[in-house]
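Report on the following structure.
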Amino acid sequence: MSNQYQERSAVVRIIFLAVGIIFIVRLAFMQVLDGEYRRQADRQALRHITQYPARGLIYDRNGELLVYNEAVYDLMVIPKMVKNLDTNLFCRVVGISRDEFLSRMRKASKYSTYSASIFMKQISKNEYGAWQNHLYKFHGFYVQQRTLRVYDKPIAAHVLGYVGEVDDGEIKEDSYYKQGDYIGKSGLEKSYESVLRGIKGDRIMHVDVHNREIGPYMNGANDTMAVEGGNLYTTLDATLQEYAEGLMANKRGCIVAIEPSTGEVLALVSAPCYDPNLLVGRVRGENYLKLLNDISKPLFNRALQAQYPPGSIFKVAQAMTALNLGVIGPGQGFPCDKSLVGCHNHPSARSVQEAIKMSCNPYFYYTYRRIIQQGKYKSIYKDSPYGLTVWNDYMHRFGFGQRLEIDLPNVRQGRIPDTSFYNKRYGEGRWAFSTIYSNSIGQGEVEVVPIQMANLACIVANRGYYITPHLVRYYGPDSTRNDEFYTRHETGINPAWFEIAANGMYDVVHGAGGTAHRANIPDIDVCGKTGTAQNIGDDHSVFISFAPKNNPKIAVAVYVENARGGGGYWAAPIASLVIEKYIRGEVNRKDVERMYREAAPCQKLPLPKTIKKKKK
């Protein structure tokens, strides 16, 4: 019998030992090998608090602060830890309804019941101060500090851009971001996001069963510090930007001002403008919808995204191309034959310089015909595609028909039609110069972006080359510079031809019979070219310019939409005011300044759907 009991005892011991081993193995697996168990345990005892870095500041070319940060708070929630909550008290303290509370809790629980997510975002210091002493009563809730953008002046919204919460696509694209993070959505905020955002840190805190912080985990040994974002030092002149925006009040259109020798953008205005502070904080969504639905499209950056017919300013590029090809000479004259294309009353131009001054449409009809039909082939249906290919190449040298790689997003490239474009439209071998002659005066199928127009003025000012327009001089503590913004792009056109263009543009403003006498500034040699571009509704008023004539300091393009009176009446004097403000630091022509600041010349919206046939 004793042997039988001994055997039973051994079996019982084996069973207990086996059960003990199973528990030990399972416990070891859960504590050592199973990361999920450890994570759940950590969630109960530890709180990871993201340390958001201060976003980099943005300055103008003179060191004036344009964008800085202000502290705000996000109210975070861990749904699994929300217990015994006095919902009525909570809603009364933070200022929301019960329905809103339930909606936010459902959203947070859907994201994760164990991980923290934002319950209420961008709470101001004053709001938080009013109820922070009650926060300990609400288990599962805590605050996390971050910063909000503040714009010192209500200017340059289209340049600076705005910051918004990341969406699912942005999170998938870059693992740096998680739900609730913010990212540059437009402008420089988007282009230089990786510079401005900095590097997030992580602070790990012990919490007790009541969700109260009781000290740093391991005395902060595993904490990481946030690294603040790099600053941007822009090319903008804040004073000039503010002044130019004031000139475009009550108007639709744009102004682009560039320093020709460097390609640095001094001012970039798209009108209507808006205060960038409207797209900051909890009111951003509401304000964004209002701006989005505004019929005048204030969110649309006309300076970089609008594709307009250039009108007569395009004649400068036509003249330079024809001279360089040798199809005309500097002293070439053509009759002002209005049976070919409409024109205003003036004597026939006897030279390229006079043609630019008087903006003679028939003159450039003849000029473009010589470019397109060079006599390389007997058939005009073969000769014209050849000439168009040559012309297309020259237009690209001027920066047309391609995206100028300015350091802003969503820049359009305009359109310089090529043979494939016309073959598709009319059929191969079924078009010639007579089909496309409207290109000669900047109409037809040609479309340019205002930044390209300003760049054309820079090319003439530099007598044949340009530096890619850009908005940031350097960034970060090491003053990093982008080398591509300091490369000369040569047109390959003889500088002597550009001297003729500069003389012609000087005559436009100062000479008898010139089309832009309103751009004249006493004691400043302004060179310019007017344009009147046909479009839906009233014509657009266009002007490009630079000054002084020798050693130019500024080049300006102005586009005023649907403004009767032509380029010389609206765009030219506005450009001259920008030039005077920049060169002199103040404007002496106060009557001119007052007139164009207060004027509202643009045709009211919505516009008619028909295009006028009459053309200057």
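Computed from the coordinates by the stated procedures, all read-outs in this text should not be read as laboratory data. Not measured: the values here are computed from a predicted model. Because the Cβ atoms are built from the backbone with ideal geometry, glycine has one as well, and the counts that use them run over all protein chains shown.
Spin-label model, Leu289 to Met225: label points 7 Å out along the Cα-to-beta-carbon direction sit 4.4 nm apart. Seen from Ala502, the other residues with C-beta closer than 13 Å to its C-beta sum to a net charge of +1, counting Lys and Arg as +1 and Asp and Glu as -1. Charges were assigned to the Cβ only: +1 to each Lys and Arg, -1 to each Asp and Glu. The resulting dipole of the stretch 530-583 about its Cα centre is roughly 280 debye. A simple charge model with +1 on the Cβ of Lys and Arg, -1 on the Cβ of Asp and Glu and nothing else charged puts the dipole of the stretch 404-504 at about 260 debye relative to its Cα centre. Positive end of the dipole of the chain (Cβ unit charges, origin at the Cα centre): among Val560, Gly281, Tyr422, the Cα lying farthest that way belongs to Tyr422.
All other residues whose Cβ lies under 10 angstrom from that of Asp237 are scored, Lys and Arg at +1 and Asp and Glu at -1, for a net of -3. Sites listed here are GluC sites (Glu not before Pro) in the stretch 428-505 whose DSSP assignment is loop and whose Cβ has at most 13 other Cβ atoms within 10 Å: Glu428. Note on Asp275 and Tyr474: the extension gain reaches 69.1 nm, defined as 0.36 nm multiplied by sequence separation minus the Cα-Cα distance. Working note: Debye formula, equal point scatterers on the alpha-carbon atoms of the stretch 216-266, no solvent; log10 I(q)/I(0) at q = 0.17, 0.19, 0.23 Å⁻¹ is -0.69, -0.79, -0.94.
Extension gain for Arg597 to Val150 (0.36 nm times residue separation, less C-alpha to C-alpha distance): 158.2 nm. At q = 0.09, 0.11 Å⁻¹, what log₁₀ I(q)/I(0) does the stretch 238-598 have when each alpha carbon counts as one equal point scatterer in the Debye sum? After summing over all Cα pairs, the log10 values are -0.48, -0.72. A straight chain from Glu100 to Met218 at 0.36 nm per residue would run longer than the Cα-Cα distance by 38.6 nm.
Once both labels are positioned 7 Å from their Cα atoms along Cα-to-Cβ, the gap between Asn250 and Thr113 label points is 6.3 nm. Taking a Cβ cut-off of under 12 Å around Ile380, the surrounding Lys, Arg, Asp and Glu residues balance to a net charge of +4, with basic ones at +1 and acidic ones at -1. The calculated FRET efficiency for the pair Ala512 and Asn345, based on their C-beta separation and a Förster distance of 22 Å, comes to about 0.95.
Gyration tensor analysis over the Cα atoms of the stretch 325-463 returns equivalent ellipsoid semi-axes of 24, 22, 14 Å (largest first, whole Å). Computed over the chain, the range of Cα coordinates on each principal axis works out to 133, 58, 48 Å, biggest value leading.
List residues of the stretch 408-425, by number, whose backbone nitrogen lies under 20 Å from a label position 7 Å along Cα→C-beta of Tyr381. Of the residues in the stretch 408-425, 418-425 have backbone N under 20 Å from the label point off Tyr381. Mind giving me the FRET efficiency for Ser296 and Arg564? R0 is 22 Å, r the Cβ-Cβ distance, nearest 0.05 is fine. Once rounded, the FRET efficiency stands at 0.75. Rounded to the nearest angstrom and listed largest first, the equivalent-ellipsoid semi-axes of the stretch 54-207 from its Cα gyration tensor are 32, 18, 14. Placing +1 on each Lys and Arg Cβ and -1 on each Asp and Glu Cβ, with no other charges, gives the chain a dipole about its Cα centre of roughly 1620 debye.
Here the stretch 395-430 and the stretch 133-149 have alpha carbon centers that stand 54 Å from each other. In the chain, the DSSP beta bridges split such that about 95 percent are antiparallel, to the nearest 5. Among the GluC sites (Glu not before Pro) in the stretch 511-601, those placed in a DSSP loop whose Cβ has at most 13 other Cβ atoms within 10 Å are Glu586. Qualifying trypsin sites (Lys or Arg not before Pro) in the stretch 304-353, where qualification requires a DSSP coil assignment and no more than 14 other C-beta atoms within 10 Å, comprise Lys338, Arg350. The helix-based estimate of mean residue ellipticity at 222 nm for the chain, built from -39,500 (n - 2.57) per DSSP H run of four or more residues and divided by its residue count, is -10500 deg cm²/dmol to the nearest 500.
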